[in-house]
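Structure, as structure tokens:
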Amino acid sequence: MVRIRETLPAVSDPAKGYSVPHENDYSGMAALSICESLLLAMNDRGILEGTEIVGVLRDAAATHETAAGDGGEREAHLAVAALINRIISGGNSVRRK
């Protein structure tokens, strides 16, 4: 298994005010889209209730919030947790009926 952290070079320079997309960014976006579609499909078919989906997302966020790592890895985990928490807050994780 290839760890994303090992293949993702630093391509952002906040001091210069830019962030360059990297191929792994697209992989992450695709993975997020696929997972979102799967969660919505499971909800639509009655496999998971909306509260269970939110629970899955909260578990994922908590895992990243408590993950260990050096400064850069820790920062990445916290950013992932923040993104998941924004998804929960935005209500996009379940369909509104």
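The values are calculated or read from the model by the stated rules, or taken from the named source; none is laboratory data. Everything numeric here is computed off the predicted structure, so don't read it as measured data. We place every Cβ from the backbone using ideal geometry, glycine too, and count neighbours over all the protein chains shown.
The table for this structure:
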{"item": "Residue list for segment 67-88, restricted to those being under 18 Å from ASP25 (Cβ atoms) and over 11 Å from the mean Cα position of the chain (by Cα)", "result": "GLY72, GLU73, GLU75"}
{"item": "All positions within segment 81-97 that are assigned to a loop (DSSP other than H, G, I, E, B) and either at pLDDT below 70 or touching an Asp or Glu at 6+ places or on another chain (Cβ under 6 Å) (or both)", "result": "ASN92, SER93, VAL94, ARG95, ARG96, LYS97"}
{"item": "Scan of segment 41-80 for residues that are within 21 Å of GLY91 (Cβ to Cβ) and either assigned to a loop (DSSP other than H, G, I, E, B) or in contact with a Lys or Arg (Cβ under 6 Å, 6 or more places away or on another chain) (or both), ordered by number", "result": "ARG45, GLY46, ILE47, LEU48, GLU49"}
